[in-house]
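Following: one structure in structure tokens, then a few remarks.
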Amino acid sequence: MHAINTARTLWLALAGAACLALHAHVGPHPSIHDTVAGILDRFGRTQPDTSLRKLDAPQALVLLTPDERDTLASQHLHFRVNTPVVVTVLADTRLAGEPFWLAERGFRPTSIVLERGTLRFAAWEREFPAGTIGLGVNSLTGGGEHYLVLVKPAEPGANLVIDELYPGQLRLADCLPGVAPYADRDETLTSIPPAFEGQKLIRTLRNRRDDGRLLGIFRWTEHPSSTRPDQILLTWSGDPQTTQAIQWRTRPEIRKAYVTYGRRADLHTVHPRKLRQVAARTEPLNDPRLLGDPSIHRHTVELTGLEPGTTYVYAIGDGSRTGWTEWREFTTAPAGRVPFSFIYMGDVQNGLDRWGSLVHTAFRERPDAAFYVLAGDLVDRGNQRDNWDSFFYNARGVFDRRPLVPAIGNHECQGGHPTMYLRQFALPRNGPAAIEAERAYAFHYSNALFVILDSNLDPAQQTAWLEHQLASTPATWKFVAYHHPAYSSAPGRDNTAVRQHWTPLFDRYHVDLVLQGHDHAYLRTHPLKDGQKVASPAEGTVYVVSVAGTKMYQQAARDYTAVGLTNVATYQVLDLHISGNRLVYRAYDLDGTLHDQLIIEK
């Protein structure tokens with residue numbers, strides 16, 4: 001019970017601090033953001049976890065105080081009119097019963113419907129006297145389209161002036177075909193019901209449609225932390241020949257943690273060497289809205305001074321005699337030119353249990369693979385820890401034995417910044433000076449160079465550094481991985497900035513393979529140079545898009561496509577044979593079916 005109360009108290013402190021920092025309000029009107037933060041804070045204090053999991057809009061409304069309900073019903077946006085008016089609110093019909101305040105504030109439904117593509121907006125209207133008019137939040141459930149607002153004089157022909165719009169980003173326009181209904185979006189209304197033509201349109205902000213969201217905010221993890229180490233992960237933050245980063249999590253009660261390690265060969269000698277012990281760097285990782293498990297400790301040890309091409313054993317513990325995990329192994333990169341294999345996967349994102357079967361199949365079928373490259377979108381919502389809990393749980397037994405080499409996808413940036421991603425992975429800090437450390441990096445393994453880029457950021461910021469990596473390497477093989485494809489697979493997608501800034505360097509320095517994700521299908525291009533097909537990989541670069549999860553897209557016909565597949569999750573094995581400088585690339589599905597193969601010889 002003490003642990004539960006402590007977690008609840010911690011949740012409240014974290015939630016209050018986070019919400020106040022993000023949504024502080026200055027001005028004479030009650031703040032929707034502060035009000036919502038206070039409501040969520042109170043719900044977290046007073047409602048059982050089981051109730052919060054099942055909370056719906058009617059239940060949430062019952063729990064609101066009169067002041068909270070009034071604020072949510074009237075302070076989302078407001079404006080002043082100089083004469084009595086009729087206000088029409090056009091609400092997304094998919095949000096049944098939303099906005100909740102329409103009927104209770106005297107708005108009457110009409111028979112008029114505005115259509116935009118497949119969307120339908122139902123019209124509710126009400127008369128207001130001259131003065132300030134306030135309207136409420138879009139919904140308590142979240143999602144859908146933000147409502148639209150029309151205003152006309154109650155007396156035809158009256159001179160109407162609308163001013164003092166809040167928020168300040170709202171805009172006025174005449175409601176005519178071709179008008180953009182949102183001040184923060186470009187899409188337009190191609191047709192207007194005759195009754196609405198010529199009225200004043202208050203262009204609302206689509207990105208504020210979730211300001212009043214109270215539902216789906218509280219989450220829970222199927223894989224909560226404990227005092228025992230889990231989510232054990234190998235990455236590289238330095239030279240793979242001589243370093244190894246090890247990360248894991250525990251509950252916050254574990255304040256000190258250690259790695260004990262030694263060479264595997266030394267454990268089987270008559271006089272084994274003494275094992276070494278290194279203290280971890282321990283940092284909290286908080287997710288205030290994760291019920292029951294809002295805060296964990298992430299522990300990181302970065303081993304240095306290791307011997308190349310050597311297998312080590314390690315265990316993780318709290319320093320006590322009994323608080324240790326079982327032994328695990330990792331192997332450092334070879335010192336010279338040695339044959340090796342690695343595995344590459346595209347987007348995971350959805351269906352993490354199914355992906356877990358795929359990654360374990362890859363590990364079982366190719367235990368010789370030295371490491372795993374993931375080309376972004378490892379999870380669906382990158383700043384929600386329950387997503388990462390599922391990712392690590394379904395990969396257990398793999399990334400604690402083979403290092404993970406991740407790239408950042410757009411879903412890692414959900415929320416605007418890949419904070420949780422960067423807090424969980426210890427990666428090389430040798431990337432471009434112009435961008436945040438660990439978002440792009442490079443390393444050598446045997447006779448190959450690996451460059452990991454962040455295609456969420458401006459490609460131009462990484463171009464000079466990329467060219468330096470490619471121009472200065474002595475490596476025979478060059479691989480680049482990032483998320484958004486230079487040559488897209490899905491219809492309607494085209495990442496021109498990536499192609500403009502990076503592919504000329506791939507051509508100039510002859511990158512062998514570019515490993516990408518994002519488009520949720522499988523695509524291997526012909527060898528390309530200057531955007532054109534060439535005779536062989538010796539003359540150009542091969543670009544691959546793949547998907548490892550369960551979310552699938554259609555694929556457009558492209559003249560650069562050599563092999564295209566849809567609705568199939570794959571893992572790719574790349575075998576580099578040093579004798580003869582030969583690379584064998586193969587793509588397999590979960591059942592072991594070989595879907596694609598390519599051989600490159602130099």
message = If I filter the range 403-417 down to residues being of a type outside the set (A, V, I, L, M, F, W, C) and more than 18 Å from Leu352 (Cβ to Cβ), which single residue comes out as surrounded by the most Cβ atoms within 10 Å (Cβ to Cβ)?
response = Pro403
request  = May I ask you to say which residue of Leu165, Leu189, Leu170 is surrounded by 17 or more Cβ atoms within 10 Å (Cβ to Cβ), within 30 Å of the chain's Cα centre (by Cα) and more than 30 Å from Ala440 (Cα to Cα)?
outcome  = Leu170
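For (1) modelled with pLDDT of 95 or more; (2) farther than 16 Å from Val373 by Cβ; (3) acidic (Asp, Glu), each residue gets a yes or a no:
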{"site": "Val514", "(1), (2), (3)": "yes, no, no"}
{"site": "Gly517", "(1), (2), (3)": "yes, no, no"}
{"site": "Arg524", "(1), (2), (3)": "yes, no, no"}
{"site": "Ala557", "(1), (2), (3)": "no, yes, no"}
{"site": "Leu565", "(1), (2), (3)": "yes, yes, no"}
{"site": "Tyr588", "(1), (2), (3)": "yes, no, no"}
request  = Return a yes/no flag: does the range 104-126 have any residue that is closer than 21 Å to Glu68 by Cβ, surrounded by 12 or more Cβ atoms within 10 Å (Cβ to Cβ) and among the hydrophobic types (A, V, I, L, M, F, W, C).
outcome  = yes
Residue that is surrounded by the fewest Cβ atoms within 10 Å (Cβ to Cβ), among those in the range 317-349 that are out of contact with any strand residue (DSSP E or B) (no Cβ under 6 Å at 6 or more places or on another chain) and among the β-branched types (Val, Ile, Thr) = Thr322
ask   = Residues of the range 74-96 being within 13 Å of Tyr147 (Cβ to Cβ) and either in contact (Cβ under 8 Å) with a residue 60 or more places away in the chain or surrounded by fewer than 21 Cβ atoms within 10 Å (Cβ to Cβ) (or both), which ones?
value = His76, Leu77, Val87, Thr88, Val89, Leu90, Thr93, Arg94
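I need the strands (runs of 3 or more DSSP E) fully contained in the range 363-458, keeping only those with at least 2 residues that are over 18 Å from the mean Cα position of the chain (by Cα). Please lay out each step first, then the result.
Values: elements: 372-374, 404-406, 441-445, 448-452.
Output list reads 441-445, 448-452.
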inquiry  = One residue is enough: does the range 560-572 have a residue meeting the conditions under 17 Å from Gly346 (Cβ atoms), touching a helix residue (DSSP H, G or I) at 6+ places or on another chain (Cβ under 6 Å), in the same structural domain as Ser488 (by TED's automatic domain parsing) and assigned to a strand (DSSP E or B)?
reply    = yes
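Considering each residue of the range 518-541, count those that are assigned to a loop (DSSP other than H, G, I, E, B) and within 20 Å of Ala448 (Cβ to Cβ), and give that number.
6
The values are calculated or read from the model by the stated rules, or taken from the named source; none is laboratory data. Everything quoted here is computed from the prediction, not taken from an experiment. Glycine also receives a Cβ, built like all others from the backbone with ideal geometry; neighbour counts cover every protein chain displayed.
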